[in-house]
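Just so it is clear, none of the values below were taken in a lab; they were calculated from the coordinates. Keep in mind the model is a prediction, meaning the values are calculated, not measured. Heads up, the Cβs are rebuilt from the backbone with ideal geometry, glycines too, and the neighbour counts pull from every protein chain shown.
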Ligand SMILES: Cc1cc2nc3c(=O)[nH]c(=O)nc-3n(C[C@H](O)[C@H](O)[C@H](O)COP(=O)(O)O)c2cc1C
C-alpha cells in the first residue's frame, strides 16, 4: 500500500476554477476568489469565502448581492490583478478593460468579457472560530442564484457547456492550469450529439491551450 503523509491543511486547497466576483453598485469592484461551493442544486445555492477585512466584503454587506464571473485562460493577468490589488486604491474595471453590464436581476454589474455570469443574492453568512475563540480568517457567504447567463457560443443542446470554456484552474498556490482532456462519459446520460462536444474535439482544444502556455512568460 502507498505510504500516506499528513499534510498541514491551512490554505492547502484542492484545484478549482478561479472566479472574479463583482460587488457594489455605486462604485462597483471586483475581487478574485479561489473556490466556490455548490451546497444545493434545488434551490440553486453557492458559497463564497471572503476575508471580512476586504474592501469587497464591505460592498457585499452593503448591497447584499454579488455576481460570479468565470474568467478564461486569456484573462490570467486580469485575474491576478483583481486578486492582488484593492478597489480602495484602483478602479479594477478600468485597469483591466472590463465592461460592466447590467444584470437581469441584480444591480451589481456583470463582467461582459467573462463567458459565464452567475447573479446571486446574499442569503446567509457563517463565521468560524478557532478552538481557542479567535476569529477565523474567512467567512462563508451563502448566495441564492437568481440568474445565470453565458455567451451564446457555449449554449449547445439547450445547455451551458462548461467543458468548452477555457476556465482557469488554480492548482498549487499561484499556479494556473487549463482544464484537461475528457476522460469519459457517464453511460446513464445521453452522449452529446453535437460534434463540438465530442471528446476528441474538446481534447484537441485543451491540448492546443497547453502547448501555448509558456511559464517563462509570467
Ligand atoms: C487565485 C486567487 C484566489 C483568491 N481567493 C480569495 C478568497 O477565496 N477569498 C478572499 O477573501 N480573497 C481571495 N483572494 C485575494 C483577493 O482577491 C485580494 O485580496 C483582492 O485584492 C481583494 O480586493 P479588494 O481589496 O478590492 O476587495 C484570492 C486571490 C487570488 C489571486
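Brief remarks follow.
- Any hit, the range 71-82, residues being in a loop (DSSP other than H, G, I, E, B) and within 27 Å of residue 43 (Cα to Cα): yes
- Across the range 136-154, the number of residues qualifying as within 16 Å of the ligand (Cβ to nearest atom) and without any contact (Cβ under 8 Å) to a residue 12 or more places away in the chain comes to 1.
- Matching entry among 36, 30 (being without any contact (Cβ under 8 Å) to a residue 40 or more places away in the chain, within 11 Å of the ligand (Cβ to nearest atom) and surrounded by 18 or more Cβ atoms within 10 Å (Cβ to Cβ)): 36
- Hits in the range 50-97 (condition: closer than 17 Å to residue 119 by Cα and more than 10 Å from the ligand (Cβ to nearest atom)): 61, 62, 63, 64, 65, 66, 67, 68, 69, 70, 71
- Options 113, 123; residue that is in contact with a strand residue (DSSP E or B) (Cβ under 9 Å, 6 or more places away or on another chain), under 24 Å from residue 40 (Cα atoms) and either touching a residue at least 12 places away in the same chain (Cβ under 8 Å) or not in a strand (DSSP E or B) (or both): 123
- Scanning the range 173-183 for residues that are in contact (Cβ under 8 Å) with a residue 12 or more places away in the chain and in a loop (DSSP other than H, G, I, E, B) gives 173, 178, 179, 180, 181, 182.
- Odd one out for residue 13 among (1) buried (at least 18 other Cβ atoms within 10 Å of the Cβ); (2) within 13 Å of the ligand (Cβ to nearest atom): (1)
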